[in-house]
Each structure stands twice: as structure tokens, then as C-alpha cells.
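Participant: Take a look at the following structure, please.
The values are calculated or read from the model by the stated rules, or taken from the named source; none is laboratory data. What you see is a predicted model; the values in this text were computed from it and never measured. Glycine gets a Cβ as well: all are built from the backbone with ideal geometry, and neighbour counts include every protein chain shown.
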Amino acid sequence: MPGQSPNRSTEVTRKPLLFENWRAAQDRSEVLLTTEYPSHSDCEISGGTKRLGPYQFINTLAQAARPRSNTLAPVLVLRATFHTTVDTPDMTKTDTSTYHAGGLADEAAALVALALGARFEAGPSTREHRPGDQESRPIGYYRYQPPVLREARFVPSIARDAGIP
């Protein structure tokens, strides 16, 4: 009827994969895969490994040639432990509720960029470990060119806008 809210109990609300996977990890779902993604940036990272839920952000100690230059280095590696699968969507219907034109590593790189006020771009998976495997293995499924960032005149930053030094 006009003016009434839709029946929420029959609606399925999808969440971004980064979030869904974190929830599955909290529910102690089985580990399906652990994979690593490099994140390229022109900033320098200090500190060691930071664990957030099923994700680890690992400082590679790499440095770009000059801070805020167009030279990039893989300064962070995201190690993601997957507890959920990516469902194949119904391709006969349009659903843009969680669309952002990227995968889990792109979601993480975007959040890191916002938090640190720096430019990051996620690369493809470079290492996998499946349950039952003795060792992880390097992979190179994708043709990938490391990114080149344009010189930024103004970089918005949640941290700066919130007054965090």
C-alpha cells in the first residue's frame, strides 16, 4: 500500500565482502583460504604487523623513491583469511547495493587510504594458502602493471579532518 514501508523481513541485505568475511570469522566459520595482496603507495609506513579480525596488514619496509612522488612501492601486504565465499549474483537482476568496482583487497586499500590520508592501490593476490596445504604458494594469475599515481595537489583525509595528527 502507498505510504507503507516494504516488508523488511523478506528483504535480503547484502554487505561488502570485507564486512561479511569479518562477520563469518567472528562466527568461527571454517577457514577456506588465506591470500596476500600487496598495496602500493608513495608514503612510508612505520610500525609492524597490525591484525584486525581476519585481516593482517604487514609492513613490507619498502619505500618509494620520494614521499608524495609518482614512484610507488608495495608498502603494505594485506593477508586476508577467508571464512566466506563470494556468491555468484543473479545476473538477470541489477543489484548495486555493494558494488564499488573492486574486490576485498580494494575495499581494504580504500579504508587504509582514508584512515591514513595517503594514496593506496591494491594489487592482485600474490600468495595463497589453503587448509591442508603444507606451505603457501606464490601465484600470478593476473597480468598486472604496478600503478602510477598522478601528483596530488590536495589529498582528503578523514584523520586530518577529525583533528588526528
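Participant: I'd like to know if the range 99-112 contains one or more residues that are in contact (Cβ under 8 Å) with a residue 24 or more places away in the chain and over 16 Å from TYR37 (Cβ atoms). Full working, then the answer.
Facilitator: As a first pass, look at the range 99-112 and keep what is in contact (Cβ under 8 Å) with a residue 24 or more places away in the chain: 100, 103-105, 107-109, 111-112.
Cutting the leftovers down to over 16 Å from TYR37 (Cβ atoms) gives us none.
Within the range 99-112, not a single residue is in contact (Cβ under 8 Å) with a residue 24 or more places away in the chain and over 16 Å from TYR37 (Cβ atoms).
Participant: Filter the range 156-165 down to the residues that are part of a loop (DSSP other than H, G, I, E, B) and within 19 Å of VAL112 (Cβ to Cβ), then identify the one that is modelled with the highest pLDDT. Give the derivation first.
Facilitator: Here is the first cut: in the range 156-165, the residues part of a loop (DSSP other than H, G, I, E, B) are 156-157, 162-165.
Now drop any that are not within 19 Å of VAL112 (Cβ to Cβ), which leaves 156-157, 162, 164-165.
Values: PRO156: 59, SER157: 63, ALA162: 69, ILE164: 62, PRO165: 58.
By that ranking, first place goes to ALA162.
Participant: While we're on this one: Of (1) among the basic types (Lys, Arg); (2) in a loop (DSSP other than H, G, I, E, B); (3) modelled with pLDDT of 95 or more, ARG153 satisfies all except one. Which?
Facilitator: The single condition ARG153 does not satisfy is (3).
Participant: While we're here: Which residues, taken from the range 68-118, are in contact with a helix residue (DSSP H, G or I) (Cβ under 6 Å, 6 or more places away or on another chain) and of a type outside the set (A, V, I, L, M, F, W, C)?
Facilitator: The answer is HIS83, THR84, GLU107, GLY117.
Participant: Only residues that are closer than 17 Å to THR35 by Cβ and at pLDDT below 85: list them for the range 119-143, please.
Facilitator: Once the filter is applied, which keeps residues that are closer than 17 Å to THR35 by Cβ and at pLDDT below 85, the range 119-143 yields TYR141, TYR142.
Participant: Return the residues of the range 12-43 that are more than 16 Å from the chain's Cα centre (by Cα) and among the β-branched types (Val, Ile, Thr); say none if nothing qualifies.
Facilitator: Of everything in the range 12-43, those that are more than 16 Å from the chain's Cα centre (by Cα) and among the β-branched types (Val, Ile, Thr) turn out to be VAL12, THR13, VAL31.
Participant: Return yes or no: is ALA73 buried (at least 18 other Cβ atoms within 10 Å of the Cβ), farther than 21 Å from PRO16 by Cβ and without any contact (Cβ under 8 Å) to a residue 60 or more places away in the chain?
Facilitator: On the way: buried (at least 18 other Cβ atoms within 10 Å of the Cβ): yes; farther than 21 Å from PRO16 by Cβ: yes; without any contact (Cβ under 8 Å) to a residue 60 or more places away in the chain: yes.
Considered against the rule, which asks whether it is buried (at least 18 other Cβ atoms within 10 Å of the Cβ), farther than 21 Å from PRO16 by Cβ and without any contact (Cβ under 8 Å) to a residue 60 or more places away in the chain, ALA73 comes out as yes.
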